[in-house]
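These notes are about the structure you will find just below.
Here, each number is a calculation from the coordinates, and none is a lab measurement. Bear in mind the structure is a predicted one, so any value in this text is a computation, not a measurement. Don't worry about glycine lacking a Cβ; one is built from the backbone with ideal geometry, like all the others, and counts go over all protein chains shown.
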Amino acid sequence: MSGSAFAEIPGVTSLDGPNISRKMINTTNMDSVEFEEFRGAALADPGTLKAALQFNPSNATHALLSTRTYSGSFVDTWQMVFSDSSSYEFSGSVSDLTIKAANPADGILTADVSIKITSELVQNLAT
């Protein structure tokens, strides 16, 4: 999340997305030649980033994810860093947070968090 610097979200066990898509729009009209259907591309939808994590309600960053879920008007700047140090930066809002008692006997909580991306993905190549 943004501020003067990005805060790492601890305990992430998996990431899924972003799932970028572009719908096709039927643009066929009365002037179209017989037996032809025309399609044009709609605006791109940058999709959603989903993460699974070991959830710690005492962790300030995890608590902020919960707060952002309730306060849907917040749009934060996010950064997803890859193993080669390249990254994506984007704006988005926390749209879903599901907390689960994965193994109650061990006292482990997990969470699935979804971030609806609201901007273009900016790719930063590793240097």
Once both axes come from the Cα atoms, what is the angle between helix 60-70 and the longest principal axis of the chain, in degrees from 0 to 90, rounded to 10?
50 degrees
Kindly rank 74-83, 89-98 from highest to lowest mean number of other beta carbons found within 10 Å of each residue.
89-98, 74-83
Tell me which of Ile99, Gly40, Phe82 sits at the most positive position along the dipole axis of the chain, charges placed on C-beta atoms (Lys, Arg +1; Asp, Glu -1).
Ile99
Per 5 Å bin, what is the whole-percent P(r) computed from every C-alpha pair distance within the chain?
2, 9, 16, 19, 15, 11, 8, 6, 5, 4, 3, 2, 1, 0
